[in-house]
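**Student:** What follows is a structure written as C-alpha cells; I'll ask about it next.
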Amino acid sequence: MVQNIIDVSNLSKSFDIASKEPGLKGTIKHFFRRQTKSLKVIKDISFEIKEGEIVGFLGANGAGKTTILKMLCGLIYPSEGSIMVSGDLPFRRKENFLKNITLIMGQKQQLIWDLPPIESFYLNASIYDIDKFEAKRRIKKLSEMLEIDEELFIPVRKLSLGQRMKSELLAALIHEPNILFLDEPTLGLDINAQRNLRKFLQKYNENTNATICLTSHYMKDITSLCKRVICVHEGSISYDGKLDLLLKKLSPVKEILIVCRSEEDAIKLENSGFTVKNKIKNEITIKIENNFITSSLKTILNNFDIEDLFINEPPIDEIIGRVLIKKDYEI
Amino acid sequence: MNLRKYLKVYKKFIHTSLASELEYKTNILIDLITAILSLIGSIFLLSIFFQNNGYIGGWKFEQALIIQGIYTILNGITNTWFNPNLTEIVKHIREGTLDFVLLKPIDSQFFISLKKINPSGFLEIILGFFLLFFCIRINQINLNLGFLTLSLITISCSICILYSLWFFISTTTIWFVKTWNATEVLRSFLYIGRFPLNSFSFSLRIFFSVFIPIAFITTIPSEVFLGLSQFWKIYLEVIVATLFLITSRKFWLFALKFYSSASS
C-alpha cells in the first residue's frame with residue numbers, strides 16, 4: 001500500500017495585514033497610526049498526499065495556494081493545525097527534511113546572475129554535501145533530461161527565460177529530492193518551453209517516483225500532469241479529488257455538430273427528440289449527456305445520412321474558471 | 001555542525017564571488033582607486049585637526065594614526081564582507097528570495113553573512129595593516145607575542161561587535177521590511193571611530209560606549225597598541241563582543257519565526 005507522504009489536518013494561517021486609506025490624509029494617518037487587521041488566509045484545511053502523486057493546487061489569485069505550499073515546505077509557521085511532510089514537522093527545517101524537498105518558484109530565481117548556471121549547480125552540490133564526481137554525473141543526467149547543454153556555460157543574465165527556468169530546475173533538483181513544490185513553474189514561458197518543462201516533470205516523476213505539488217494558472221500544466229487536483233477558494237478547500245471527475249461533473253454534456261447530406265435530413269434529426277442548440281441549413285448542433293454519447297452517435301449514424309460530425313469539448317479553462325469562483329463542489 | 005562541509009561551501013562562496021566581481025573589471029578598478037583616495041583623505045583630515053594643537057583628547061597625531069589604521073582595516077572588512085552580504089538581507093526579505101536560503105540544509109546566518117565577497121575591500125585591509133606597521137615604527141612600539149595576541153583578540157572582538165550590530169539591524173527587516181537608513185546611520189557612526197574616544201565630551205563618550213559601542217570597536221584596540229589599555233577594558237571588550245554575537249544569533253532565530261515570505 002502506498003503511504004501518505006504529506007498529512008495536513010485542520011491547518012489554518014492568519015497574517016496581520018496593514019490597511020491604508022487612499023490620498024495624502026490616509027498616507028499620513030497610516031504613517032502615524034498603522035491600522036492592522038488579522039486576516040485568516042488559510043481556513044481549517046485537511047488533506048493527504050500519497051508518495052509519487054502529482055497534485056495540482058487550483059485557485060484564483062490570493063486564494064492561498066502559495067501559502068499552503070510555503071507551509072508544506074516549512075517556510076511559514078502555521079497558526080493552527082498540524083502538518084507532517086515525509087514524517088517531519090516542516091517548520092523545524094531539519095537537515096534531513098531539507099535534503100528531501102525542493103521549492104521552485106516561477107517568478108523568483110536562485111541562480112547567480114552574473115555567472116553561468118554550472119557555477120550555481122556546483123555551489124548547490126557543496127551545500128548538499130555532494131562530491132564533485134557525483135555532482136558532475138547528476139548535472140549530466142539532468143541536463144540530458146532537460147535538453148540543455150551549451151547554456152550551462154553562458155552567464156545567467158544572457159539566457160532566455162525558458163533556458164533560465166530549465167537551469168533553475170536543474171539547480172533545484174541536483175540533490176535528487178523526493179518531494180517537489182512547484183509554484184507556477186511555467187510562468188511567462190512560451191508554449192514550447194512550457195511543453196518541454198511538463199515533459200521533464202512527467203519523466204522525473206516516472207523515473208524517481210517523486211511526489212509533486214504544483215500550482216499553476218496554465219490549465220495545460222494541470223491537465224497534462226495532475227490526476228488529482230485540490231481547489232482552493234478563499235483559504236478553504238472547495239474540491240479535492242480526481243480531475244476527470246471534476247470535469248465530468250462540471251461539464252456533463254458535449255456539443256456535437258452534425259453535417260447532414262441534405263437539409264431534409266437535418267430537419268428529420270431536429271425532430272427526432274435530441275436537444276438541439278441550433279440549426280443552420282444542413283448543419284445542426286445537438287447536446288448529448290456524456291454517458292449517452294456512444295449510443296446516441298450509433299443511433300444517429302444508423303438512421304440519418306451524415307456527411308461529417310465534430311464533437312466539441314468545452315474549453316477546460318472555462319470549466320475550471322467556474323470552480324475558482326465557487327465555494328463547494330461535491331462529487 | 002559539519003566543519004568540513006562549511007569550509008567546502010565557503011571555498012565555493014569565495015570562488016563564485018570573485019568570479020562574479022571579475023566580470024566587471026572597471027568597477028573593481030574604480031573601487032581600488034576609491035579605497036586609496038579615501039585613506040589619503042582621512043589622513044589629511046586628521047592632520048588638519050592636529051595642526052593647531054599637538055594633542056586631541058590626550059592623543060598625539062602619530063598615536064591617532066593607529067586608530068585610523070584600525071578603522072581602515074575594519075572599513076575594509078565592512079566593504080569585503082558586511083556590505084555585500086548584510087545589505088542583501090533587506091533585499092532577500094523584501095523580494096522573498098530568503099525562501100531559497102531557508103530551504104538549504106545549511107545554517108541560514110552563515111549563508112547570508114558570508115555568501116558574497118567584494119575583493120576591492122581587501123586593498124583597504126592591506127592598506128590598514130601597512131598604516132599600522134608604519135605606526136608601530138614611528139611610535140617605537142615593542143613587538144612581542146603578548147602584544148600581538150592582545151591586538152588580535154581586540155581587533156577580532158571589534159569585528160564581532162560591528163558584525164553583530166549590523167546583522168541585528170538588518171534582521172529587523174523581517175518586521176519593518178525596509179531598514180536601509182538604519183544601516184547607513186550605523187556606517188556614519190563608524191566614521192566617528194576614526195577619532196580617539198577622549199576627544200569627545202563626557203556625554204558623547206557614554207553614548208558611544210554604551211548605546212553604540214564605537215569605543216570598543218577602534219579605541220580599545222588602539223590603546224592595546226600603545227600599551228595604554230587596562231586589562232579590565234580588554235576583558236570588557238571580549239564580554240561585549242560575545243554578548244553581541246550571541247544576542248544577534250538568538251535574535252535572528254527568533255525573527256525567523258515571524259518571516260512571512262513575500263507574496264508571489
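Values quoted throughout were computed directly from the atomic coordinates according to the rules given, and no laboratory measurement underlies them. Since the structure is predicted, the reported quantities are computational estimates derived from the model, not experimental observations. Neighbour counts run over all protein chains shown; Cβ positions are idealised from the backbone, glycine included.
**Student:** Between residue A:80 and residue A:51, what is the FRET efficiency for a Förster distance of 30 Å, r being their Cβ-Cβ separation, to the nearest 0.05?
**Tutor:** 0.70
**Student:** Then there is this: Return the calculated 222 nm mean residue ellipticity for chain A, to the nearest 500 deg cm²/dmol, obtained by summing -39500 (n - 2.57) across DSSP H runs with n ≥ 4 and dividing by the residue count.
**Tutor:** -11000 deg cm²/dmol
**Student:** While we're here: How compact and how long is chain B, expressed as Rg and Dmax of its alpha-carbon atoms in Å?
**Tutor:** 19.4, 62
**Student:** Report, in degrees rounded to the nearest 10, the 0 to 90 angle that the Cα long axis of helix A:117-127 makes with the longest principal axis of chain A.
**Tutor:** So the inclination is approximately 60 degrees.
**Student:** Something else now. What is the distance, in nm, between label points placed 7 Å from the Cα along the Cα-to-Cβ direction at residue A:319 and at residue A:89?
**Tutor:** Label-label distance for residue A:319 and residue A:89, simple model: 4.2 nm.
**Student:** What are the membrane-span-like helices in chain B by this rule: whole DSSP H runs, Cα extent along the axis at least 20 Å, mean Kyte-Doolittle hydropathy at least 0.5?
**Tutor:** Answer set is B:25-49, B:61-77, B:120-138, B:145-171, B:231-256.
**Student:** Report, as an integer, the average count of C-beta atoms from other chains found within 10 Å of each Cβ along A:74-81.
**Tutor:** Numbers: counts 2, 10, 5, 5, 0, 0, 0, 0.
Neighbouring Cβ atoms belonging to other protein chains average 3 per residue here.
**Student:** I would also like to ask the following. With everything on Cα atoms, drop me the angle between helix A:293-303 and the longest principal axis of chain A, reported from 0 to 90° to the nearest 10.
**Tutor:** The answer is roughly 30 degrees.
**Student:** Taking square-rooted eigenvalues a ≥ b ≥ c of the alpha carbon gyration tensor, is the stretch A:56-107 rounded, prolate or oblate, where a/c under 1.5 means rounded and, failing that, a/b exceeding b/c means prolate?
**Tutor:** oblate
**Student:** What percent of all Cα-Cα pairs in the protein assembly as shown falls into each 10 Å bin, going from 0 up to the bin containing the maximum distance?
**Tutor:** 3, 13, 19, 19, 16, 12, 8, 4, 2, 2, 1, 0
**Student:** For residue A:39 paired with residue A:292, estimate the spin-label separation in nm (one decimal), with each label point 7 Å from Cα along the Cα-to-Cβ line.
**Tutor:** Those two pseudo-labels are separated by 4.8 nm.
**Student:** Of A:132/A:158; B:11/B:104; B:25/B:115, which sit over 23 Å apart, Cα to Cα?
**Tutor:** Violating the 23 Å limit, Cα to Cα: A:132/A:158.
**Student:** What Kirkwood hydrodynamic radius do you get for the stretch A:1-108 when you take the inverse of the mean 1/r over all pairs of distinct Cα atoms, in Å?
**Tutor:** Roughly 16.0 Å, rounded to one decimal.
**Student:** Which of B:56, A:286 comes first, and how do the rest follow, when ranked by fewest Cβ neighbours within 10 Å?
**Tutor:** By the 10 Å Cβ count, ascending: B:56, A:286.
**Student:** List, in the order given, every pair from A:94/A:227; A:136/B:5; A:99/B:5; A:140/A:199; A:203/B:5; A:199/A:227 whose Cα-Cα distance in the structure shown is over 23 Å.
**Tutor:** Flagged as over cut-off: A:94/A:227; A:203/B:5.
**Student:** Is there a simple number for the mean count of other chain Cβ atoms within 10 Å of the Cβ of residues in A:11-17, and what is it?
**Tutor:** So the per-residue partner count for this stretch is 1.
**Student:** Under 11 Å from the Cβ of residue A:187, count the other residues' Cβ atoms, weight Lys and Arg +1, Asp and Glu -1, and hand me the total.
**Tutor:** That sum, taken over residues with Cβ under 11 Å, equals -2.
**Student:** In percent, what relative contact order does chain B have, based on Cα pairs under 8 Å that are 6 or more apart in sequence? Walk me through the numbers on the way to the answer.
**Tutor:** Numbers: 288 pairs, mean separation 69.7, N = 264.
Computed value for chain B: 26 percent relative contact order.
**Student:** Once label points are set 7 Å from the Cα along Cα→Cβ at both residue A:271 and residue B:133, what is their separation, rounded to one decimal in nm?
**Tutor:** Inter-label distance under the simple model: 11.1 nm.
**Student:** Rounded, prolate or oblate: pick one for the stretch A:123-186, where a ≥ b ≥ c are the square roots of the eigenvalues of its C-alpha gyration tensor, a/c under 1.5 means rounded, and failing that, prolate if a/b is larger than b/c, else oblate.
**Tutor:** Oblate is the answer for the stretch A:123-186, as a/c is 1.5 or above yet b/c matches or exceeds a/b.
**Student:** First measure r as the distance between the Cβ atoms of residue B:253 and residue A:203, then evaluate 1/(1 + (r/R0)^6) with R0 = 30 Å and state the FRET efficiency to the nearest 0.05.
**Tutor:** The calculated FRET efficiency here is 0.15.
**Student:** Taking the alpha-carbon set of chain A, what are its Rg and Dmax in Å?
**Tutor:** Cα radius of gyration and Dmax of chain A are 25.2, 79 Å respectively.
**Student:** For a footprinting-style exposure proxy, rank B:59, B:252 by other Cβ within 10 Å, fewest first.
**Tutor:** B:252, B:59
**Student:** Listed highest first by mean packing, meaning other Cβ atoms within 10 Å per residue, what order do B:226-237, A:177-188 come in? Walk me through the numbers on the way to the answer.
**Tutor:** On the way: B:226-237: 14.3, A:177-188: 21.4.
Listed from highest to lowest mean packing, they are A:177-188, B:226-237.
**Student:** Can you compute the radius of gyration and Dmax for the stretch A:181-331, using only the Cα atoms, both in Å?
**Tutor:** 20.1, 59
**Student:** Listed highest first by mean packing, meaning other Cβ atoms within 10 Å per residue, what order do A:165-175, A:73-83 come in? Display every interim value, and only then the final one.
**Tutor:** Numbers: A:165-175: 23.7, A:73-83: 18.7.
Put in order of decreasing packing, that is A:165-175, A:73-83.
**Student:** To the nearest whole number, what is the average tally of beta carbon atoms from other chains within 10 Å of the beta carbons of peptide A:114-122?
**Tutor:** 3
**Student:** Which of the three applies to the stretch B:1-81, rounded, prolate or oblate, going by the alpha-carbon gyration tensor with a ≥ b ≥ c and a/c under 1.5 meaning rounded?
**Tutor:** Note, shape of the stretch B:1-81 comes out oblate.
**Student:** Using 10 Å bins from zero, what percent of all Cα-Cα pairs in the stretch A:83-156 falls into each bin?
**Tutor:** Taking every Cα pair in the stretch A:83-156, the percentages come to 16, 41, 32, 11, 0.
**Student:** Okay, next question. About its Cα centre, how strong a charge dipole does chain A have in debye, to the nearest 20, once Lys and Arg get +1 and Asp and Glu get -1 at the Cβ?
**Tutor:** In debye, rounded to 20, chain A gives about 1220.
**Student:** For residue A:2 and residue A:28, FRET efficiency with R0 = 45 Å and r from the beta-carbon atoms, rounded to 0.05?
**Tutor:** Working: r = 58 Å, r/R0 = 1.30.
E(calc), rounded to 0.05, equals 0.15.
**Student:** How do B:218, B:172 line up, fewest other C-beta atoms within 10 Å first?
**Tutor:** B:172, B:218
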